[in-house]
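> This is the structure I want to talk about, given as C-alpha cells.
The values are calculated or read from the model by the stated rules, or taken from the named source; none is laboratory data. If you're wondering where the values come from, they're calculated on a predicted model, not measured in any experiment. So basically every Cβ, Gly included, is an ideal-geometry build from the backbone, and we count neighbours across all protein chains shown. Each accessible area value is taken on the protein alone, full model and side chains, heavy atoms only, with ligands, DNA and RNA left out. Shrake-Rupley method; radii C 1.70, N 1.55, O 1.52, S 1.80 Å.
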Amino acid sequence: MTISANDITGVPAKTDGGALRPETLAVHPPRVEISGSTPLGVPLHQGHVFAFDSADALADPDTFLYSRMGNPTVRALEDAVARLEGGTGALSYASGMGAISGVLHTLLSSGGHVIAQRCLYGGTYALLTDLAGRWGVDVTYVSGTDPDEVRAALRPETRLLYLETIANPTTRVADLPALAAVAAGAGVPVAVDNTFASPLLCRPLDHGADVVLHSATKYLAGHADVLGGVAVFKDPALQRRVRAHAVEQGAVTDPFAAWLTLRGMQTLPLRVERQCASAATLAARLAAHPAVAAVRHPSLADHPDRAVAARLLPAGGGGVISADLAGGRDAGRAFVEAVRVASLSVSLGDVRTLVMHPASTSHRQLDAEALRTAGIGPGTLRLSVGIEHVEDLWADLTQALDKAAAHGA
Ligand code: PLP
C-alpha cells in the first residue's frame, strides 16, 4: 500500500477542479489513492512520524517526514481550503490565532509598521498591541472603509495592511479592492481575516489580498468540536517564508483536528446559505422590535457599507448580527441569560445559534475608549445564527427580548 505526498494534492476523481463551483468542491476534498482504490472519506493519518527504506527517500524535500512539517490529512485540509479560496496553497494551524500570529510574526519585525482596521477580533488587537509594546512594531489603525486613510498612513517601513472582510462584531464590510489597490501601489502585502464571510461568500484573493486567514474553528469546521486555523496564499514564495516560521513555531494542526475540519467543511455551503437567509430574516425583525435600539447586518438597507456588501458579498451578508438593546448593559445581560434555543457562548459560525456580549468576552482586552472606537457599546450583543428553524429562533429571541425589556434601564 503506497500513499505519496503528491497523491493527496489531486483534484476529485474524473474532474478538473478548476471548473467546479464551491458547493461541489466542498463535498469533494482531495483524495488519497491506495493501490488503485480510493477511500471516499479522507483517511485519518494520526501517526506523527514516517519510516523509509532508503536515506535518499527520507531526504526528499517533498516527502512526509515528521508531522510538524507536514501530514497527509493536514495537507488534504490545506489543499481543500486553498481550492475554496482560490489560493496557490495553504498552511494549517492549531487555531485561528496560530494562523494570525504565524503570518504577523513572519512579516513584521522591530521597526516595522502595520496598518490595521480599527475594529478587529480582540485576540488580533491584543497581538498587535503585544508586537508594538515588546518588539517596537508601529501600528496605525484605520476605519477599513476609506482608501485615502490607508494612503495617508503608508510609510517606507510599512510591511502589512491587515483587514477583516466582515468586522467582528460591528459587521462593517471592508472595501477590499479599493484598499488592496492602495497597498499594492506601495508594494505592501494585504492580509484579510475571512472568518466571518467564509470562502462561500467572499474570496479576498480575488479582490487583491495576498493572504487569507481563517479561524477554522468557526464556519469551516462548524460543529463546536475542534479548534483550527488556516492561512491561504496567493504567492508560493510568501507561503514558503511563513511555512519556515510555522515549522519553528510548532503551532501545527493535529491530524484528528484536520480530519474533523474537513468533515465539517463538506456541508459548509448548505450551512452558510441557511445561516445567511435566517440572519437576514432575524435582522429585519429585530430592527422593527421596540426593545432594540440598533441592528447591524450587511443585508439591512441602513447598513453603512450596504453598497460595498452588495459588491463583495452578493450571496449573503453572513450569519452574524450585532444589535444594541434599548435597555443597555442590564438588558443585554438579561437577554443572553434568558435565551433557551440559542446558547450564551463566545464562539460563532456553529450549527447552533450563539449569543454573547462582546464587552465582557471577546473584546474584554479593550479599555472603554478602545471599545467605543471599535463601535461596541455596553449593551451591544452579537448573535451568530445557526441552522435551526428560523421561527423557533424568532420565538426564542422575542421571549428573551421581553425579559430584557423588563430589566432595561
Ligand atoms: N478571527 C476572528 C474573526 C475570530 O472571531 C476569532 C475567534 O473568535 C479568531 C480569529 C481566532 O480564532 P481561534 O479562536 O480559532 O484562535
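> Would you please list the contacts, defined by Cβ atoms under 6 Å and residues six or more apart or on different chains, that run from a residue in the range 164-180 that is touching a residue at least 24 places away in the same chain (Cβ under 8 Å) to a residue that is acidic (Asp, Glu) and more than 12 Å from the ligand (Cβ to nearest atom)?
Close Cβ pairs (under 6 Å, with a partner that is acidic (Asp, Glu) and more than 12 Å from the ligand (Cβ to nearest atom)) amount to Arg172/Asp305; Val173/Asp305.
> When you check Gly319 against the structure, is it modelled with pLDDT of 95 or more and within 16 Å of the ligand (Cβ to nearest atom), yes or no?
Judged against the criteria, Gly319 is a match.
> Related question: Filter the range 78-103 for residues that are of a type in the set (Val, Ile, Thr) and either open to solvent by less than 10 Å² (accessible area, probe 1.4 Å) or in contact with a Ser or Thr (Cβ under 6 Å, 6 or more places away or on another chain) (or both) and give the result.
Selection gives Val81, Ile100, Val103.
Here is a yes/no grid of residues against (1) free of Cβ contacts under 8 Å to residues at least 24 places away in the same chain; (2) buried (at least 21 other Cβ atoms within 10 Å of the Cβ); (3) within 14 Å of the chain's Cα centre (by Cα):
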site	(1), (2), (3)
Tyr219	no, yes, yes
Asp225	no, no, no
Leu268	no, yes, yes
Gln275	no, yes, no
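> Can you report the number of residues in the range 207-227 which are on the phi > 0 side of the Ramachandran plot and near the ligand (Cβ under 7 Å from one of its atoms)?
0
For every residue, the table says whether it meets (1) under 19 Å from Leu348 (Cα atoms); (2) part of a loop (DSSP other than H, G, I, E, B).
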| position | (1), (2) |
| --- | --- |
| Ala279 | yes, no |
| His289 | no, yes |
| Ala293 | no, no |
| Asp324 | yes, no |
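> Here's another thing I want to ask about it. Would you confirm whether any residue within the range 193-208 is open to solvent by 10 Å² or more (accessible area, probe 1.4 Å), within 21 Å of His303 (Cα to Cα), over 14 Å from the mean Cα position of the chain (by Cα) and among the charged types (D, E, K, R)?
Scanning the range 193-208, I find no residue that is open to solvent by 10 Å² or more (accessible area, probe 1.4 Å), within 21 Å of His303 (Cα to Cα), over 14 Å from the mean Cα position of the chain (by Cα) and among the charged types (D, E, K, R), so the answer is no.
> Which of the residues belonging to the range 352-406 are modelled with pLDDT of 90 or more and of a type in the set (Ser, Thr, Tyr)?
The answer is Thr353, Thr380, Ser384, Thr398.
> Out of the residues in the range 228-245 meeting the condition of being open to solvent by less than 10 Å² (accessible area, probe 1.4 Å) and closer than 28 Å to Arg271 by Cβ, tell me which one is farthest from the ligand (Cβ to nearest atom).
Phe233
> On to the next question. Only one of these is of a type outside the set (Gly, Ala, Ser), within 27 Å of Val74 (Cβ to Cβ) and touching a helix residue (DSSP H, G or I) at 6+ places or on another chain (Cβ under 7 Å): Leu127, Leu107. Name it.
Leu127
> Would you mind stating whether Arg203 is under 22 Å from Leu77 (Cα atoms), charged (D, E, K, R) and not assigned by TED's automatic domain parsing to the domain that holds Leu371?
Yes; evaluated as a whole, the condition is true for this residue.
> I've got another one for you. So Val355 clears everything in (1) away from the ligand (no atom under 16 Å from the Cβ); (2) within 22 Å of Gly96 (Cα to Cα); (3) of a type outside the set (Phe, Trp, Tyr); (4) surrounded by 19 or more Cβ atoms within 10 Å (Cβ to Cβ) except one condition, right? Which one?
For Val355, the exception is condition (1).
> Given (1) within 16 Å of the ligand (Cβ to nearest atom); (2) buried (at least 16 other Cβ atoms within 10 Å of the Cβ); (3) part of a helix (DSSP H, G or I), where does Thr171 come up short, assuming only one miss?
Here Thr171 meets the rest and fails (3).
> May I ask you to verify whether His214 is of a type outside the set (Phe, Trp, Tyr), surrounded by fewer than 21 Cβ atoms within 10 Å (Cβ to Cβ) and either assigned to a loop (DSSP other than H, G, I, E, B) or in contact with a Ser or Thr (Cβ under 8 Å, 6 or more places away or on another chain) (or both)?
Judged against the criteria, His214 is not a match.
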